[in-house]
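Scroll down for the structure; my scribbles are underneath it.
FYI, it's all coordinate maths here, none of it is from the lab. Since the model is a prediction, treat every value here as computed from it, not as a measurement. Note that each Cβ is placed from the backbone with ideal geometry, even for glycine, and that neighbours are counted across all protein chains shown.
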Amino acid sequence: MTELDTRWERPEPTGPATSNLADILERVLDKGIVIAGDIKIDLLDIELLTIRLRLFVSSVDTARKAGIDWWETDPALSSRAAHDALAAENAQLRERLRAIESAESNGADRSTA
């Protein structure tokens, strides 16, 4: 009696070569991708809620080329922006303090005259 080879072998792919995940991710980050969608909730033809979703996936360089750089000025995401916001607030408070002290000294000068 002869033995039969019952092992299953995968056939070789005959289509175009597939890219691995790293190649796809590199391509998406280099070019950028936009995903957009709207969610609407209506009740008896009355619009109750609309949510618009926009997702832009790209590298930082690609986003800058597209004019997007909000992370650089958001104090929650940028230590430089947080420092700048604190410095601006500090300058405003110092100016208000000077104005109050000036008003008090002018009032004291008037009462002594």
Boolean, Ile35 is in contact (Cβ under 8 Å) with a residue 12 or more places away in the chain and in a loop (DSSP other than H, G, I, E, B): no
Qualifying residue in segment 50-61 (condition: polar (S, T, N, Q), within 27 Å of Leu77 (Cα to Cα) and surrounded by 10 or more Cβ atoms within 10 Å (Cβ to Cβ)): yes
